[in-house]
Amino acid sequence: MLTDAEIVAAMRRVERKSRSTGTDLSHLDYEMRDIRASPGHVDVELIQREGHSARLLIALPSTGESQYWLYFLPENAEEWVEQLLIWLDEEVFTSGLMDGRVRVERNGASYVQSAPYGWRVTDPAEHARLSEAAGPDGWYG
């Protein structure tokens with residue numbers, strides 16, 4: 001069984017390593033920074049090359065909360081983090097750090113909100129459509 005500590009350590013190994021879409025979409029390049037671990041969660045800052053940023057609170061396995069980004073049961077912390085990074089890529093590369101995402105302010109920081117389909121969108125009709133399509137357990141549930 002994966003421990004939260006193993007996952008946090010694996011996340012710290014990829015901290016500040018750029019995730020890139022290639023030269024055509026380099027404005028979407030981003031880094032994961034400022035990893036803050038707390039019991040059951042990791043709080044991270046995501047920053048795009050052009051300066052858009054957001055924080056995200058990520059549930060760790062010990063919470064029993066849904067982990068919508070997992071599409072297969074990871075054997076180790078590196079696999080868990082790689083699946084998380086794929087999910088982050090998908091969300092960032094679909095305007096995840098720009099307008100159109102629900103955000104909540106906490107302690108002066110702006111957090112995007114997770115939903116079973118990805119990061120929650122502000123448009124109520126689109127939120128309902130995506131929620132229905134993904135179902136309560138997400139795309140891989």
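The values are calculated or read from the model by the stated rules, or taken from the named source; none is laboratory data. This structure is a prediction, so every number in the text was calculated from the model and none was measured. Glycine also receives a Cβ, built like all others from the backbone with ideal geometry; neighbour counts cover every protein chain displayed. Ligands, DNA and RNA are stripped out before the accessible areas are found, and what is left, the full protein with its side chains, is counted by its heavy atoms. Shrake-Rupley method; radii C 1.70, N 1.55, O 1.52, S 1.80 Å.
Some points to look at:
- The number of residues in region 76-134 being among the polar types (S, T, N, Q) and without any contact (Cβ under 8 Å) to a residue 12 or more places away in the chain comes to 2.
- Qualifying residue in region 82-103 (condition: assigned to a strand (DSSP E or B) and under 17 Å from residue 45 (Cα atoms)): yes
- Looking only at residues in region 35-55 that are among the small types (Gly, Ala, Ser) and outside any strand (DSSP E or B), the one that is most open to solvent (accessible area, probe 1.4 Å) is 51.
- Subset of region 118-137 that is open to solvent by less than 20 Å² (accessible area, probe 1.4 Å) and within 14 Å of the chain's Cα centre (by Cα) - its residue that is farthest from residue 52 (Cα to Cα): 118
- Count of region 69-81 residues which are in a loop (DSSP other than H, G, I, E, B) and out of contact with any helix residue (DSSP H, G or I) (no Cβ under 6 Å at 6 or more places or on another chain): 5
- Test: residue 66 is in a helix (DSSP H, G or I), touching a Ser or Thr at 6+ places or on another chain (Cβ under 9 Å) and either within 27 Å of residue 38 (Cβ to Cβ) or hydroxyl-bearing (Ser, Thr, Tyr) (or both): no
- Qualifying positions in region 11-28 - in contact with a helix residue (DSSP H, G or I) (Cβ under 9 Å, 6 or more places away or on another chain) and either at pLDDT below 90 or acidic (Asp, Glu) (or both): 14, 19, 20, 21, 28
- Within region 104-119, the set of residues being of a type outside the set (S, T, N, Q) and in a loop (DSSP other than H, G, I, E, B) comprises 108, 116, 117.
- Applying the criterion of being among the hydroxyl-bearing types (Ser, Thr, Tyr) and over 16 Å from the mean Cα position of the chain (by Cα) to the residues of region 60-111, the residue that is least open to solvent (accessible area, probe 1.4 Å) is 63.
- Conditions (1) at pLDDT below 95; (2) within 14 Å of residue 14 (Cβ to Cβ); number of the one not met by residue 48: (2)
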